[in-house]
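Visitor: Pasting a structure below so you can have a look.
The values are calculated or read from the model by the stated rules, or taken from the named source; none is laboratory data. Every value quoted in this text rests on a predicted model; they were computed, and no experiment measured them. In this analysis, Cβ positions are derived from the backbone assuming ideal geometry, glycine residues included, and neighbour counts consider all displayed protein chains. The accessibility values were calculated without ligands, DNA or RNA, using every heavy atom of the protein model including side chains. Shrake-Rupley method; radii C 1.70, N 1.55, O 1.52, S 1.80 Å.
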Amino acid sequence: MKLTVSAVAVTLAALALAPAAGAQEARKTGGTLRAVFATDPPTLDPAEATDLTSAAVIRQVFDALLELDDRLRPQPALAASFTVSTDQRVYTFRLRPGVRFHNGRELRAADVKYSFERAARGKRPWVFEKIAGARDVIAGRATDMAGLRVVDDLTVEIRLDRPFAPFLYLMAYDAASVIPREAADARGGFASRPVGTGAFRFVSWRRDDQLVLEKFPGHFRGPAALDRVVFRIIPAEITRFNEYRAGQLDVSDIPTGQCQSVQRDPHLKGEVAIWPTLGTHAVRFNVERPPFADLKVRRAIAHAIDPTIVVERLLERCVTPARGLLPPSLPGYNPEVKRLALDRELARRLLAVQSHAGGKGLNPLAYHFNTTDTNQRIAELLQAQLKEIGIALELRRLDWAAHLKLVDSGSAGFFRQAWIADYPDPENFLTVLFHSRNVGAPGNTSRYRQPTVDRLLDEADTMAPGRARDAKYHEAEQIVIDDAAWVSLYHYASRALIKPYVRGLERSPQSTAPEFLAPLRKVWLER
């Protein structure tokens, strides 16, 4: 579905009603989809991935027990069916018979158990922590997850410590992908030569150049229409744009500052697609590192930032200005949430109270961000805005993998971070990003610890969806905002260019172009 700028705020429900182009047409087989990334994926190992670029490849190479459809509803994938006990604590999955890994071996329930226990020790332990015994595995006290039982070769039973409403969404997440043990344990680097059951299998990867996948003829749903997918690595927005215009790419993103112009361009306007996503772009503080351990310093910076400049001038109103943490299209969004208002006089007073008048004792402050043209321009805007209160920002730019490593390790004090929900539930934003048990790489890179927030999130996470649950999330969200652990700038909208002959490409509310998280097995080329 192609959206005008004024339609960016459309709800996900309305978005889901529009089928991807070509959904009702007979598919043609063959051809190569020429896609693009701004950077190399940091990893292709589902247990270690924490970013969209990695996920865009992982979702083609691997399958999980379930997957989310274009309305973000859990659907069978490796599991042909599942049942849930009346107390909502026991999930029994029946695997499809005859599923094969790319190495030819048949999938068994033991592979699910191995994959989950391995991934629980990876970068996203919160995906598994609700399973009985998982926290012992995560902490290294055990290798066997007590709540994970292989019933027979095609049946796996999962028992939770307590009910958790969004659990089925977790079974569709990248970290829950099922992998073959022999490939993961083999020498040669599983993170750069992955083996899964997905509709596409890995072929090659030349860093800073391209990554190639080819269709897996033995996929349990049948072979994909495309023969190959080539992801080129092109860091510069304008280069990606020029390659798209020259016919060298089939899909790409719209360069920063050209959202309006491409919609007026007679040659491109029919290829523009803009749709809302479940994401928020923000800046974040590590509250353990001075001077950001000081609440007044964090609030001073928050009060000095004007996100409307980013939204209206840089991104031409093609995104939604942010009030809080949760995007408007996410269930549980609170329209009454209050951000720390733009007030540079108050910001100056807060600094003066802490003996930092005019930035004394602070300068220069390092601001870390990953390499993209948009991030560079946002960093320069922040630098100019904080100069108004006497703070000098030193901009430090790294490639994506290096930036993630720096942030996850706790070495960055003030940094760019964004989040796109893995599933449409506030728990995936608030608990993952701000609960004390997720400090560090699992998500809480602010290293923020607040007992009231922990309690509210723990209570909400176990409740059934509804107003009472939402009220607890709303209270926790406002506390985090007032504590200035995170300053939202805007909510994402995906701004893409898609050639008219590309059919069946879902407009995923979980991704921002040029990373498409949609299943490419559904894509075909009309030409």
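Visitor: Where residues in segment 489-527 are of a type in the set (Ser, Thr, Tyr) and part of a strand (DSSP E or B), which of them is nearest to Ala35 (Cα to Cα)? If you could, list the steps in order and put the result at the bottom.
Guide: Residues of segment 489-527 that are of a type in the set (Ser, Thr, Tyr), as a first pass: 490, 492, 494, 501, 508, 511-512.
The next check asks that each one be part of a strand (DSSP E or B); those that pass are 490, 492, 494.
Working: Tyr490: 26, Tyr492: 20, Ser494: 15 Å.
Only one residue fits best here, namely Ser494.
Visitor: Select from segment 289-313 the residues that are aliphatic (A, V, I, L, M), open to solvent by 10 Å² or more (accessible area, probe 1.4 Å) and more than 17 Å from Arg339 (Cβ to Cβ) and list them in ascending order.
Guide: Ala293, the sole residue that qualifies.
Visitor: I'd like to check which strands (runs of 3 or more DSSP E) are fully inside segment 351-431 and have at least 1 residues that are without any contact (Cβ under 8 Å) to a residue 40 or more places away in the chain.
Guide: Counting at least 1 such residues, we get 393-398.
Visitor: Also: Just one of Ala476, Ala471, Ala484 is free of Cβ contacts under 8 Å to residues at least 60 places away in the same chain, crowded, with 20+ Cβ neighbours inside 10 Å and of a type outside the set (Phe, Trp, Tyr); which is it?
Guide: None of the others qualify; the one that does is Ala476.
Visitor: What's the total number of residues in segment 357-372 that are open to solvent by 20 Å² or more (accessible area, probe 1.4 Å), of a type in the set (A, V, I, L, M) and more than 11 Å from Ala412 (Cα to Cα)?
Guide: If we filter segment 357-372 for residues that are open to solvent by 20 Å² or more (accessible area, probe 1.4 Å), which is where we start, we get 357-358, 360-361, 363-364, 366, 371-372.
Next, only the ones that are of a type in the set (A, V, I, L, M) stay: 357, 366.
Keeping just the survivors that are more than 11 Å from Ala412 (Cα to Cα) gives 357.
Residues meeting the conditions: 1.
Visitor: Across segment 213-225, what is the total count of residues that are open to solvent by 30 Å² or more (accessible area, probe 1.4 Å) and part of a loop (DSSP other than H, G, I, E, B)? Explain how you work it out, then say what you get.
Guide: Filtering segment 213-225 down to residues open to solvent by 30 Å² or more (accessible area, probe 1.4 Å) leaves 214-215, 217-218, 220-221, 223.
Cutting the leftovers down to part of a loop (DSSP other than H, G, I, E, B) gives us 217-218, 220-221, 223.
So the answer is 5.
Visitor: Okay, moving on. Just one of (1) in contact with a strand residue (DSSP E or B) (Cβ under 7 Å, 6 or more places away or on another chain); (2) hydrophobic (A, V, I, L, M, F, W, C); (3) under 15 Å from His491 (Cα atoms) trips up Phe292, so point out which.
Guide: Here Phe292 meets the rest and fails (3).
Visitor: Of the conditions (1) surrounded by 20 or more Cβ atoms within 10 Å (Cβ to Cβ); (2) in contact with a strand residue (DSSP E or B) (Cβ under 9 Å, 6 or more places away or on another chain), Glu526 fails just one. Which one is it?
Guide: It fails just one condition, (1).
Visitor: Limited to segment 261-308, what total is found for residues that are farther than 30 Å from Leu346 by Cβ, touching a Lys or Arg at 6+ places or on another chain (Cβ under 6 Å) and of a type in the set (S, T, N, Q)?
Guide: Number satisfying all stated conditions: 1.
Visitor: Still on this structure, please answer the following. Anything in segment 498-526 that is at pLDDT 95 or above, under 17 Å from Arg232 (Cα atoms) and out of contact with any Leu (no Cβ under 7 Å at 6 or more places or on another chain)? List them, or say none.
Guide: Passing the criteria: only Lys499.
Visitor: Condition (residue is open to solvent by 20 Å² or more (accessible area, probe 1.4 Å), under 28 Å from Arg59 (Cα atoms), touching a Pro at 6+ places or on another chain (Cβ under 9 Å) and among the charged types (D, E, K, R)) applied to segment 496-505: is it met by at least one residue?
Guide: No, segment 496-505 contains no residue that is open to solvent by 20 Å² or more (accessible area, probe 1.4 Å), under 28 Å from Arg59 (Cα atoms), touching a Pro at 6+ places or on another chain (Cβ under 9 Å) and among the charged types (D, E, K, R).
Visitor: Identify, please: which residue in segment 232-259 is in a strand (DSSP E or B) and touching a Ser or Thr at 6+ places or on another chain (Cβ under 9 Å) and is, among those, nearest to Arg317 (Cα to Cα)?
Guide: If we take residues in segment 232-259 being in a strand (DSSP E or B) and touching a Ser or Thr at 6+ places or on another chain (Cβ under 9 Å), then Asp253 is nearest to Arg317 (Cα to Cα).
Visitor: Given the options Asp185, Asp153, name the one that is of a type outside the set (A, V, I, L, M), at negative phi and at pLDDT below 95.
Guide: Exactly one residue qualifies, and that residue is Asp185.
Visitor: Determine if segment 371-383 includes at least one residue that is among the hydroxyl-bearing types (Ser, Thr, Tyr), in contact with a strand residue (DSSP E or B) (Cβ under 8 Å, 6 or more places away or on another chain), more than 23 Å from Glu477 (Cβ to Cβ) and modelled with pLDDT under 95.
Guide: yes
Visitor: Could you please tell me which pairs satisfy a Cβ distance under 9 Å, a separation of 6+ or placement on different chains, a first residue in segment 196-212 that is open to solvent by 50 Å² or more (accessible area, probe 1.4 Å), and a second residue that is at pLDDT 95 or above and aliphatic (A, V, I, L, M)?
Guide: What qualifies is Arg201/Val61; Arg201/Val195; Arg201/Leu213; Arg206/Val212; Arg206/Ile233; Arg207/Ile233; Asp208/Ile233; Asp209/Ile233.
Visitor: Hey, any hits in segment 336-346 for a residue that's modelled with pLDDT of 95 or more, in a helix (DSSP H, G or I) and either open to solvent by 60 Å² or more (accessible area, probe 1.4 Å) or of a type in the set (Lys, Arg) (or both)? It would help to see each step written out before you state the result.
Guide: From segment 336-346, those modelled with pLDDT of 95 or more are 336-346; that's our starting set.
Right, trim to in a helix (DSSP H, G or I) and you get 344-346.
This time we only want the ones that are either open to solvent by 60 Å² or more (accessible area, probe 1.4 Å) or of a type in the set (Lys, Arg) (or both), so: 344-345.
Yes, that holds for at least one residue.
Visitor: From the list Ala35, Ala55, Ala47, exactly one residue is assigned to a loop (DSSP other than H, G, I, E, B) and small (Gly, Ala, Ser). Which is it?
Guide: Ala47
Visitor: Continuing with this model, one more query. Regarding segment 316-325, can at least one residue be identified that is out of contact with any Phe, Trp or Tyr (no Cβ under 9 Å at 6 or more places or on another chain), assigned to a helix (DSSP H, G or I) and either modelled with pLDDT of 95 or more or buried (at least 19 other Cβ atoms within 10 Å of the Cβ) (or both)?
Guide: Checked against the condition, which is being out of contact with any Phe, Trp or Tyr (no Cβ under 9 Å at 6 or more places or on another chain), assigned to a helix (DSSP H, G or I) and either modelled with pLDDT of 95 or more or buried (at least 19 other Cβ atoms within 10 Å of the Cβ) (or both), segment 316-325 yields no hits at all.
Visitor: Additional query: Checking Val439 against (1) open to solvent by less than 40 Å² (accessible area, probe 1.4 Å); (2) closer than 30 Å to Glu475 by Cα; (3) in contact (Cβ under 8 Å) with a residue 24 or more places away in the chain: exactly one of these is not met. Which one?
Guide: Evaluating Val439 over (1) open to solvent by less than 40 Å² (accessible area, probe 1.4 Å); (2) closer than 30 Å to Glu475 by Cα; (3) in contact (Cβ under 8 Å) with a residue 24 or more places away in the chain leaves (3) as the failure.
Visitor: Restricting to segment 141-169, count the residues that are in a loop (DSSP other than H, G, I, E, B) and within 23 Å of Pro97 (Cα to Cα).
Guide: Within segment 141-169, residues that are in a loop (DSSP other than H, G, I, E, B) and within 23 Å of Pro97 (Cα to Cα) number 2.
Visitor: Can you name the number of the only condition in (1) touching a Gly at 6+ places or on another chain (Cβ under 9 Å); (2) touching a residue at least 24 places away in the same chain (Cβ under 8 Å); (3) over 28 Å from Pro97 (Cβ atoms) that Glu129 fails?
Guide: Glu129 satisfies all of (1) touching a Gly at 6+ places or on another chain (Cβ under 9 Å); (2) touching a residue at least 24 places away in the same chain (Cβ under 8 Å); (3) over 28 Å from Pro97 (Cβ atoms) except (1).
Visitor: Take Arg228 and decide whether it is of a type in the set (D, E, K, R), within 25 Å of the chain's Cα centre (by Cα) and either buried (at least 22 other Cβ atoms within 10 Å of the Cβ) or more than 24 Å from Thr371 (Cα to Cα) (or both).
Guide: Yes, satisfied.
Visitor: Moving to a separate point now. Among the numbered conditions (1) surrounded by fewer than 23 Cβ atoms within 10 Å (Cβ to Cβ); (2) modelled with pLDDT of 95 or more, tell me where Ala139 comes up short.
Guide: (2)
Visitor: Then there is this: Condition first: farther than 21 Å from Pro276 by Cα and within 20 Å of the chain's Cα centre (by Cα). Now tell me which residues in segment 481-493 satisfy that.
Guide: Ala485, Trp486
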